[in-house]
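Here the structure is laid out as structure tokens; the discussion comes afterwards.
The values are calculated or read from the model by the stated rules, or taken from the named source; none is laboratory data. None of the values given here were measured: they were computed from a predicted structure. Here Cβ is always computed from backbone atoms with ideal geometry, including for glycine, and neighbour counts include all displayed protein chains. What goes into the accessible areas is simple: the full protein's heavy atoms, side chains included, and nothing from ligands, DNA or RNA. Shrake-Rupley method; radii C 1.70, N 1.55, O 1.52, S 1.80 Å.
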Amino acid sequence: RSGGHTMCNQAFFELTSVEDVLVIAPKRDITGFDEGFSQAESTILSELSANQPKKVVVDFSAVEYFSSLGISLLIRIHKRVAEGGGQTAICGLSKLTADIVSLSRMDVLMNVYADCSEARAGLKTSGT
């Protein structure tokens, strides 16, 4: 089945469930803190706590750059998912965001994939 069910659609992120994988897709660059970002981050973390998904993909395909705010969000997502016994993967990185992920060592915490379908397949084969 193609596509998925959208659970939350905001200015900053789109959360979509595709089969048994929750896809969190930032819709624009994450460069500075503002009220909207804070609310979107809270919504995501609440969703993760409430539903405890076992497989989460953060899809950065619409993002060219993210600051330390993006790194902080990735860490929070990873921790929240791991607390529930799940796994997190990253996909859709541009050259610049791939460098940020590598320099911040996020690629040690989470597997990095070229695109969302590869990430979903990677999480399926790695258990849970």
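Which whole-number percent is the relative contact order of the chain (Cα, under 8 Å, 6+ apart)? Could the numbers behind the result be given before it?
Details: 216 pairs, mean separation 27.9, N = 128.
Answer for the chain is 22 percent.
Element breakdown for the chain at a 1.4 angstrom probe: carbon and sulfur atoms account for 49% of the accessible area.
Potential lengthening of the chain between LYS54 and LYS124 amounts to 24.2 nm, from the contour at 0.36 nm per residue minus the alpha-carbon distance. For ALA89, the residues whose amide H sits under 5 Å from its own are VAL56, VAL57, VAL58, ignoring neighbours fewer than 5 places away on the same chain, with H placed 1.01 Å from N. Rolling a 1.4 Å probe over the heavy atoms of the protein chains gives the chain an accessible area of 50 Å² per residue. Compute the label zone of THR31 within segment 53-70: residues whose backbone N is under 14 Å from the point 7 Å along Cα-to-Cβ. Answer for segment 53-70: 63-70. Taking 20 Å as the straight-line reach from the Cα of LYS27, the aspartates and glutamates in range (excluding those fewer than 8 positions away in the same chain) are GLU14, GLU35, GLU41, GLU47, ASP59, GLU64, ASP99, ASP115, GLU118. For the chain, what is the percent of antiparallel DSSP beta bridges, rounded to the nearest 5? Antiparallel bridges: around 45 percent, rounded to the nearest 5.
Under the convention that each Lys and Arg Cβ holds +1 and each Asp and Glu Cβ holds -1, the size of the dipole of segment 33-128 around its Cα centre is about 440 debye. Within a straight-line Cα-Cα reach of under 15 Å, LYS54 can be paired with the following aspartates and glutamates, leaving aside sequence neighbours fewer than 8 residues apart in one chain: GLU19, ASP20, GLU83.
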